[in-house]
Amino acid sequence: MADYAFRTIGDRMEIQRMWENGLSPKEIAGETGKSLDVVYTELSRGRDGSRLPDQRLRYSAELAQRKVQQSLERRGRKARKPTASEQAAKQ
């Protein structure tokens with residue numbers, strides 16, 4: 001069964017802690033009960049471009065949370081500008 005539940009900032013902080021402690025994505029998935037795909041998605045979402053002392057890319061829970069929030073805010077139908085004829089008919 002797919003894991004579609006939204007992760008919380010607490011979940012992301014836990015992933016960050018485990019990643020910084022040297023756990024592999026497979027180990028993180030086992031510890032958190034999430035699928036390996038979910039862990040890889042989170043790790044790629046939260047990359048900030050810097051590296052850990054062991055040269056792995058750093059994961060930032062705050063950055064991942066901010067990206068998710070921005071994505072949620074962009075959802076929904078976009079408002080469009082009325083055409084000139086629609087504006088004229090309105091008056």
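Going by the structure shown, is Arg7 touching a helix residue (DSSP H, G or I) at 6+ places or on another chain (Cβ under 7 Å) and either touching a residue at least 60 places away in the same chain (Cβ under 8 Å) or outside any helix (DSSP H, G or I) (or both)?
Details: touching a helix residue (DSSP H, G or I) at 6+ places or on another chain (Cβ under 7 Å): yes; either touching a residue at least 60 places away in the same chain (Cβ under 8 Å) or outside any helix (DSSP H, G or I) (or both): yes.
Against the criterion (touching a helix residue (DSSP H, G or I) at 6+ places or on another chain (Cβ under 7 Å) and either touching a residue at least 60 places away in the same chain (Cβ under 8 Å) or outside any helix (DSSP H, G or I) (or both)), Arg7 qualifies.
Could you please find all residues in region 51-83 being among the hydroxyl-bearing types (Ser, Thr, Tyr), modelled with pLDDT of 95 or more and out of contact with any helix residue (DSSP H, G or I) (no Cβ under 6 Å at 6 or more places or on another chain)? Even if it seems obvious, please write down each step before you answer.
The first filter runs over region 51-83 and keeps only residues among the hydroxyl-bearing types (Ser, Thr, Tyr), leaving 59-60, 71, 83.
If we keep only those that are modelled with pLDDT of 95 or more as well, we get 59-60.
Result: Ser60, single match.
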task = Could you run through region 38-56 and say how many residues are touching a residue at least 12 places away in the same chain (Cβ under 8 Å) and surrounded by 12 or more Cβ atoms within 10 Å (Cβ to Cβ)?
result = 11
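The values are calculated or read from the model by the stated rules, or taken from the named source; none is laboratory data. Note that the structure is a prediction, hence the values are computed from the model and not measured. With ideal geometry, Cβ positions are generated from the backbone for all residues, glycine too; neighbour counts draw on all protein chains shown.
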